[in-house]
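Novice: Got a structure for you, questions after.
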Ligand code: IPE
Ligand code: IPE
Ligand code: MG
């Protein structure tokens, strides 16, 4: 790979997280039911996998159902669960062909049996794939995930020989290890569709240094062009992680030279 290609790839986010919002508003504007909006939204799943693969992204996480979405009308919640159980099995062979590994985040143990079965099947069938991860976040809440990590830490602290030392040494890295989520990368780019500008409890931990991008397009209408715009915007940003712009610029010059040496 030439050093210019190398530099270009630094500007492709490894982990893109998407808050797929606006299904209901899209449906309302078309005179359709909210569930029809969710159905059209679910169809974008296949597209987004392909666009992300084409862009060289390593991990895509999609917010499908939040811990707060249980507050929605029972019929809508049931419709979303049925949709999951019907759409997911249709995507397995495509994910296999494209070498995509399917994973989930969030506690799906209270989901209906059919939905849980579909999730298990998709995970098992794609477990060995390595080109890209698709992480569907279901009954997911960033706060809940941190609380679960703290709970597990406390249980292990309780059994620690030197409790004072264990507590004094607690660090973000150690707490993270208790969050039990193999292979989830830090979020580089967090996209929210549908025009709202909030995070709604998504990836509170992983998005600590994410670049945020808000798109006005409602999720069912989201296109390859919309994603390209977000990726272009990301590529133009300078990620400093606490350093100064001058430090970052020096590092960007030095690293490609070191690689080609
Ligand atoms: C996002 O679309 C999908 C889910 C939360 C499941 P919404 O259903 O939130 O759509 P709006 O925000 O009402 O338009
Ligand atoms: C966030 O969207 C959750 C998902 C996209 C699954 P919501 O529509 O539920 O978020 P709020 O309630 O508007 O913040
Ligand atoms: Mg919404």
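Novice: Among (1) away from ligand 1 (no atom under 16 Å from the Cβ); (2) under 20 Å from residue 39 (Cβ atoms); (3) within 20 Å of the chain's Cα centre (by Cα), where does residue 59 come up short?
Specialist: (2)
Novice: Can you confirm whether region 58-78 contains a residue that is under 19 Å from residue 214 (Cβ atoms) and more than 15 Å from ligand 2 (Cβ to nearest atom)?
Specialist: no
Novice: Then there's this: So which residues in region 189-208 are in contact with a helix residue (DSSP H, G or I) (Cβ under 7 Å, 6 or more places away or on another chain) and either under 17 Å from residue 138 (Cβ atoms) or away from ligand 1 (no atom under 15 Å from the Cβ) (or both), if there are any at all?
Specialist: Step one: filter region 189-208 for residues in contact with a helix residue (DSSP H, G or I) (Cβ under 7 Å, 6 or more places away or on another chain), giving 189, 191, 193-194, 201-205.
Listed by number, the residues that qualify are 189, 201, 202, 203, 204, 205.
Novice: Go through the residues of region 177-187 one by one and say whether even a single one is within 26 Å of residue 21 (Cβ to Cβ) and without any contact (Cβ under 8 Å) to a residue 40 or more places away in the chain.
Specialist: yes
Novice: What residue, among those in region 144-198 that are within 28 Å of residue 237 (Cα to Cα) and surrounded by fewer than 13 Cβ atoms within 10 Å (Cβ to Cβ), is farthest from ligand 3 (Cβ to nearest atom)?
Specialist: 173
Novice: Then there's this: Could you pull out the residue among 91, 76 that is without any contact (Cβ under 8 Å) to a residue 60 or more places away in the chain, closer than 24 Å to residue 221 by Cβ and in contact with a strand residue (DSSP E or B) (Cβ under 9 Å, 6 or more places away or on another chain)?
Specialist: Numbers: 76 fails: in contact with a strand residue (DSSP E or B) (Cβ under 9 Å, 6 or more places away or on another chain).
Answer to the check: 91.
Novice: Continuing with the same structure: Where in region 161-261 are the helices (runs of 4 or more DSSP H), entirely inside, with at least 3 residues that are under 26 Å from residue 42 (Cα atoms) and away from ligand 2 (no atom under 16 Å from the Cβ)? Spell out how you get there, then give the answer.
Specialist: Numbers: elements: 163-168, 172-177, 224-235, 245-260.
Output list reads 224-235.
Novice: Here's another thing I want to ask about it. If you go through region 164-181 one residue at a time, do you hit one that is touching a strand residue (DSSP E or B) at 6+ places or on another chain (Cβ under 8 Å) and under 20 Å from residue 137 (Cα atoms)?
Specialist: Keep residues of region 164-181 that are touching a strand residue (DSSP E or B) at 6+ places or on another chain (Cβ under 8 Å), which gives 181.
Of the ones still in play, those that are also under 20 Å from residue 137 (Cα atoms) are 181.
Yes, region 164-181 contains a residue that is touching a strand residue (DSSP E or B) at 6+ places or on another chain (Cβ under 8 Å) and under 20 Å from residue 137 (Cα atoms).
Novice: What are the residues in region 130-158 that are over 30 Å from residue 77 (Cα atoms) and either part of a helix (DSSP H, G or I) or modelled with pLDDT under 95 (or both), if any? Give the derivation first.
Specialist: Looking only at region 130-158, we keep the residues that are over 30 Å from residue 77 (Cα atoms), and these are 130-131, 153-158.
Those that are over 30 Å from residue 77 (Cα atoms) and either part of a helix (DSSP H, G or I) or modelled with pLDDT under 95 (or both): 153, 154, 155, 156, 157, 158.
The values are calculated or read from the model by the stated rules, or taken from the named source; none is laboratory data. These numbers come from a predicted model, not from an experiment. As a convention, Cβ positions derive from the backbone with ideal geometry for all residues, glycine included, and neighbour counts pool all protein chains shown.
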